[in-house]
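All remarks here apply to the structure that follows.
Computed from the coordinates by the stated procedures, all read-outs in this text should not be read as laboratory data. Predicted model, so just to flag it, every value in this text is computed and none were measured. FYI the Cβ positions are ideal-geometry reconstructions off the backbone, even for glycines, and counts take in every protein chain you see.
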Amino acid sequence: MPESTPKTPSKYQRLLTNTAVFTVGKLLSKLLMFFMIGLYTACMTEAEFGTAELITNMANLLIPLACVGISEGIFRSAAAKDGDKEAFFTNGLLVYGVGSVVFLCLSPLLGFIPRFEGSVWLIAAYVVVANLHTVVSQYLCAIGRTKLFAGQGILNTALVIGFNILFLPVLDFGVTGYVAAVILADLVTTVFLILFTRLWRAVKPRSISKQTIVTMLKFCLPLVPTTIFWWITGVSDRYMVDVMCSPEMNGLYTAAYKIPNLLIYAIAIFDSAWKLSVSAEEDPEACAAFYSKVWRVYTTLAFLGGGCLILGSRVLAGLLFAGDFVEAWVYIPTLTFATVFTALCTFLGSVYFASKRTVGSMLTALAGAVLNVVLNLLLIPPFGAMGASVATFASYFAVCILRLVTGRRLIPFKGEWGRLIVNTALMGALTVIVTFSERNVQYMLLMYGAAAGVFVLMLAFNARAILELLRNAKGLLRGR
């Protein structure tokens, strides 16, 4: 009797498998880092914590600028079914090297910014090392080394935690120790990846081609301003709160961001698996159906996850923040609401990524950045950090609507506007109720009872999508 041919996993099974692999690696890593908030808030003052975050945020802004976002070009090119993967890596590595040299030559200009005086070397090292780590890890992920990609995330996190424990409570290096811990962790992880995979064998100098470089740059260059605009929308408010209010308020506001970051961690996990899947999808009709099914599940999980964080915002702040940082809880509901739409924007951004129309991603991000700056200027002076959180929500909401309208012209998937509107209204009510729940014990209990009722309504409204998700997941696991 002839042997049966193994069934090829469906795209849904591959997506589920890759998501599971990244979840094991990335979620564990992110959760460990999440619980480090207590150490940061115990070892640094509000002003020091705010300054450390401003330094790392500036470095994250400069990362795509320094190497023109070439890691995205490497990932998209190497993840496709055709093409010479080693050639893409080699050419991308060349762009990284040239970009890093140019950046290092220009980095002393950062010293003219008062807030970064004395920290230029930290920012420069952070950018160069982080870019190399991203180039190497993204290439390995794109060629199918997903388990290694997830594992190196755990290693990187363990190193960050170890260096933080050494530099903060033991050596008391403060802001410098906070940033240096990330730099050294990225460096050690990158060296490990190179040695473990003998990655130098993938470097083929003879494959260097102007045409290949130009093709990759056409894809990734629009993503550079996109990243800048996205940074303006998500981070510029912290600089504006720091200048227009105080470093102490910025420290509280920055700490509040750490709770919604749980959603960001989940987004990052799924985004890696999702991009692998859509990069390999070539049939337009199948791609639209794929997007429709995943969009329904994605929005359901984003809203319900955000609702859980909003309900638990006060408790999480009490458990994770030290001292006066607990007062930051009041910003968490609105920032979580904003983060839900960050998640939706990220998913919709993959439409431009998959169709190689990255200019659309850039233009929608530009609209969000402009709106964010205008609203920050209007709302921060009278309302402080709460005004900044409202401006952040409004900006992400606007970008989501723009991307849903324009993205469906590229890939005509079902947007399910009705579900989006109802979920948004319910989460908006939940956010307002929890934010204004603090007066006295009786009033707080009443408000939290109302909030729980709204969340139950949200669960009931999404019950059908949840059951469908569970049935599909069971079927995929059984098929697997």
* **Charge dipole magnitude, Cβ of K and R +1, D and E -1 - region 44-221, Cα centre, debye nearest 20** => 1020 debye
* Principal axis dimensions, largest first and in whole angstrom, of region 234-475 by Cα -> 56, 38, 28
* What is the spin-label model distance, in nm, from LEU39 to LEU319 if the labels are put 7 Å beyond Cα along the C-beta direction? -> 1.9 nm
* Under the Karplus relation 6.51 cos²θ - 1.76 cosθ + 1.60, θ = phi - 60°, what is the ordered set of whole-Hz ³J(HN,Hα) values for region 401-407, x standing for Gly and Pro? -> 5, 4, 5, 5, 6, 6, x
* **In nm, spacing of pseudo-spin labels at ARG198 and ALA367 (7 Å Cα→C-beta vector)** => 5.1 nm
* State the volume of the convex hull built on the alpha-carbon positions of region 44-221, expressed per residue in Å³ and rounded to an integer. => 114 Å³
* Structure fact -> So, with points 7 Å from each Cα along the Cβ direction, the CYS308-LEU65 label distance in nm works out to 3.8 nm
* Could you order peptides 387-394, 142-149 by the average number of other Cβ atoms within 10 Å of their residues, highest first? => 387-394, 142-149
* **the chain, relative contact order in percent, only Cα pairs under 8 angstrom and at least six apart counted** => 20 percent
* Asked: Going by how many other beta carbons lie within 10 Å of each one, how would you line up ASP172, ASP324, ASP242, fewest first?
  -> ASP172, ASP324, ASP242
* To do: Would you mind pulling out the separation of the Cα centroids of region 47-63 and region 124-145, in Å?
  => 20 Å
* To do: Would you kindly derive the ³J(HN,Hα) couplings of region 368-382 from the backbone phi angles with the Karplus curve 6.51 cos²θ - 1.76 cosθ + 1.60 (θ = phi - 60°), listing them in order in whole Hz, with x for Gly and Pro?
  => x, 5, 4, 4, 5, 5, 4, 5, 4, 5, 7, 9, 5, x, x
* Taking 0.36 nm per intervening residue step and subtracting the Cα-Cα distance, what contour gain separates ALA47 from LEU104 on full extension? -> 17.7 nm
* What size of dipole, in debye to the nearest 20, comes out for the chain about its Cα centre when the only charges are +1 on Lys and Arg C-beta atoms and -1 on Asp and Glu C-beta atoms? -> 1960 debye
* Asked: Which whole number in µm²/s is D for region 153-210 by Stokes-Einstein, with the Kirkwood Rh taken over Cα pairs at 25 °C and 0.890 mPa s?
  -> 188 µm²/s
* Structure fact -> Under the rule rounded for a/c under 1.5, else prolate if a/b exceeds b/c, else oblate, using alpha carbon gyration tensor axes a ≥ b ≥ c, the chain is classed as oblate
* Asked: What is the gain in length, in nm to one decimal, between TYR265 and ILE208 on full extension, counting 0.36 nm per residue of separation less the C-alpha to C-alpha distance?
  -> 17.0 nm
* Asked: Among 419-431, 88-100, how do they line up from the highest to the lowest mean number of other beta-carbon atoms within 10 Å?
  -> 88-100, 419-431
* What is the calculated FRET efficiency for VAL170 to ALA288, with r their C-beta to C-beta distance and R₀ = 45 Å, to the nearest 0.05? -> 0.25
* Can you give the helix-only mean residue ellipticity at 222 nm for the chain, where every DSSP H stretch with n ≥ 4 adds -39500 (n - 2.57) and the sum goes over all residues, rounded to the nearest 500 deg cm²/dmol? -> -26500 deg cm²/dmol
* To do: Arrange the peptides 60-66, 71-77, 288-294, 211-217 so that the one whose residues have, on average, the most other Cβ atoms within 10 Å appears first.
  => 71-77, 60-66, 288-294, 211-217
